[in-house]
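Trainee: Below is a structure I'd like to ask you about.
Bear in mind these aren't lab numbers, they're just calculated from the coordinates by the rules spelled out. Remember, it's a predicted structure, so these values are computed and weren't measured experimentally. FYI the Cβ positions are ideal-geometry reconstructions off the backbone, even for glycines, and counts take in every protein chain you see.
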């Protein structure tokens, strides 16, 4: 065991529920590695887990944190393809590795699939033990940048390239342009040759969204979304829409689709039970496609684009691990454009 400083939850609650503790982290077992964490990025998942709910069955003290970058400091027996001192990011998905889904390369469909920091311990600590196949080399990429990439890139890659099959000429709508997933979707869709329409409720996020590849940005607090999309598309609508907001925006998003269009959803930060007129769905032959995370192979395919700068993480702010509560408040106040990252010294 190694004594390790961490920020943990001892019960569900508000940001103040995050407290500093010293915990014991074990030596790595067979085909495991121990990573000295240097940076860990926040996701909205951290907020949901902290607040609690029936989907979360935590063993307290619990460590949040899905997005991790650091150095390998110890390797267990039989660990493959890794070396002490190697700079890595950690794949946030954990699966059994033996079921049909895992063996076919679709590990995020594993029935025992978990996400670091969700229903298993995460990276709000100086150290974490993970499987040897969960780490990917980052070269000389700064740790804060590397930590900002895994979960949002993985999620966006599956949404854009696997579920939506974005190709040159596709017209897409990306909701909530300032979120981590959306900042990656803007870049991935532009790399694929798509025409990109983005939405935001805040005018100060318009230019950052354009800088990432948005051809048009609709400020939903100032303009009516469906009217604007129809004007931009000659009244036909978009081919694909990407949404993780849910709530009232989801119904409007469906109305933005062309006949035969598709919406890909990976979350519902504004509400899980939107009102949907099913007549719109079947008359216009729309597709509603769910997406959660992505496979280990998806992140490996995205890695070269991250390392050569074609996919760029957007950092809103970097704070020390001890300020995890303030980092949560920044997300809750919807101030961030891009990722909030905790530096682990």
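Trainee: Hey, fewest Cβ within 10 Å first, where do 40, 312, 289, 130 land in order?
Mentor: Going from sparsest to densest Cβ surroundings: 289, 312, 130, 40.
Trainee: On each of the three principal axes of the Cα atoms of region 224-343, give max minus min coordinate, whole Å, ordered largest first.
Mentor: 52, 33, 27
Trainee: Something else: Quick one: Kirkwood hydrodynamic radius for the chain, alpha-carbon pairs, angstrom, one decimal?
Mentor: 20.5
Trainee: For a quick check: sort 276, 128, 68, 115 by the number of other beta carbons within 10 angstrom, fewest at the front.
Mentor: 276, 115, 128, 68
Trainee: At q = 0.11 Å⁻¹, what log₁₀ I(q)/I(0) does a Debye calculation on the Cα points of region 153-290 give, no solvent, two decimals?
Mentor: One equal scatterer on each Cα of region 153-290 leads to -0.32.
Trainee: So how do 126, 287 line up by other beta-carbon neighbours within 10 Å, fewest first?
Mentor: Ascending Cβ contact count within 10 Å gives the list 287, 126.
Trainee: How much of the DSSP beta bridge set in the chain is antiparallel, as a percent to the nearest 5?
Mentor: Values: 35 of 61 bridges.
The antiparallel fraction comes to roughly 55 percent.
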